[in-house]
Amino acid sequence: MYSLTGDTMYRDKAYSLAKKLLPAFDTPTGIPYALVTLNGGRDGGKNYGWASSGSSILSEFGTLHLEFTYLSDITGDPIFRDKVYTIRKAMKDADKSKGLYFNYFHPRHGKFTQNHVSMGALGDSFYEYLLKSYIQTGDIDAREMYDEAMDALEKNGLIRYSKSGLVYFAEMKYDRIESKMDHLACFAGGLLALGAHTDTKKDSRSSRHMKIAHGITNTCHESYIRTQTRLGPESFRFSDAMEARALRQNEKYYILRPEVIESYFVLWRLTGDPKYREWGWVSKFQCSPNPHF
């Protein structure tokens, strides 16, 4: 809000809140806890009990970078930038099996704790903010980590094709591929497109990633139009018998997630193809309490 309005009240409130969050970073690795009280840190921080032996979650500590860097820029206080760069270094230096970032990382032991990889829940924002940090500040380290992460996902078979040719991000659990994609992972169409567009090398990888970006976005669109309401499910699966459809009851709901719309917007802006704008309008009207069709 400060960047939109220039009202220093928003900057000052953000600064005050962010300072109250700093005790979460008081760990041997600098990887923050998920939970912290706002009473000056007297109770310290902690992680969720269900999160793999008290681990921190990749998407949660990976989603701080843009905001904390910007907060340092507008307040002149470097501590926030320092905190996220400590996270970045811990991730860069961590031992990564097959080059993959697992979803859980222990803030005290400094190791990944469970072989679970996902572009959706638990992983998503980490990859997103690597690229957007590069776009925000020209951070070459962030760009290299993003490229290496995408290479590892490709090499380990997490970008897959269904029998009919739909492209999707699968998950990996203990080296076993699960042909399931979260709605949360549908931002990856826009992510890969932005990555290809901002790649100064303009080599075979950038052209391949742009092609995959179109494919991922189309798959997410298919997950919408294959439902009765034409709104996409929370997760969808692929098998010999079904493609881009929710299978389990706890996957068959829609909670106003923005990821598909984001990919439509990015692809429309980068390519000018009007189908992405049309898909966006259709989705918007389907969410309206009084859709006009």
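Values in this text are rule-based calculations from the coordinates and carry no lab data. Keep in mind it's a predicted model, so treat the numbers as computed, not measured. Note that each Cβ is placed from the backbone with ideal geometry, even for glycine, and that neighbours are counted across all protein chains shown.
Annotations for the structure displayed:
- Charge tally in the Cβ shell below 15 Å around Leu71, where Lys, Arg are +1 and Asp, Glu are -1, Leu71 excluded: +1
- In this Cβ point-charge picture (+1 for Lys and Arg, -1 for Asp and Glu), the chain has a dipole of about 440 debye about its Cα centre.
- Calculated FRET efficiency for the pair Trp50/Ile140, C-beta based, R₀ 41 Å, to 0.05: 0.65
- Rounded to the nearest 20 debye, dipole of the stretch 141-234 from Cβ charges on Lys, Arg, Asp, Glu: 440
- Per the Debye calculation on the stretch 62-221 with a single equal scatterer at every Cα and no solvent contribution, log₁₀ I(q)/I(0) for q = 0.11, 0.14, 0.16, 0.18 Å⁻¹ amounts to -0.44, -0.72, -0.93, -1.15.
- Nearest-20 debye value, the stretch 25-111 charge dipole, Cβ charges on Lys, Arg, Asp, Glu: 360
- FRET E, pair Asp273, Asp93, Förster distance 45 Å, beta-carbon r, rounded to 0.05: 0.65
- J(HN,Hα) series, the stretch 49-66, from Karplus relation 6.51 cos²θ - 1.76 cosθ + 1.60, nearest Hz, glycine and proline x: x, 7, 8, 6, 6, x, 7, 8, 9, 3, 5, 6, 7, x, 9, 8, 5, 5
- Shape call, the stretch 146-288: gyration tensor on alpha carbons, a/c limit 1.5: oblate
- Here the sum of -39500 (n - 2.57) over DSSP H runs of 4 or more residues, divided by the residues of the chain, equals -14500 deg cm²/dmol at 222 nm, to the nearest 500.
- Among Ser56, Leu22, Ile177 the positive-end extreme of the charge dipole of the chain (Cβ point charges): Ile177
- Phi angles across the stretch 233-243 convert, under the Karplus curve 6.51 cos²θ - 1.76 cosθ + 1.60 with θ = phi - 60°, into 3J(HN,Hα) values of x, 5, 9, 9, 10, 9, 7, 5, 9, 8, 9 Hz, Gly and Pro given as x.
- Phi-based couplings in Hz for the stretch 214-220 (Karplus 6.51, -1.76, 1.60; Gly and Pro marked x): 4, x, 4, 5, 5, 4, 5
- Amide hydrogen neighbours beyond the local backbone of Gln114, cut-off 5 Å, H modeled: Tyr104
- Label assignment, Rg/Rh (Cα atoms, Kirkwood Rh) derived from the structure, set (1) 0.97; (2) 1.11; (3) 1.03: (1)
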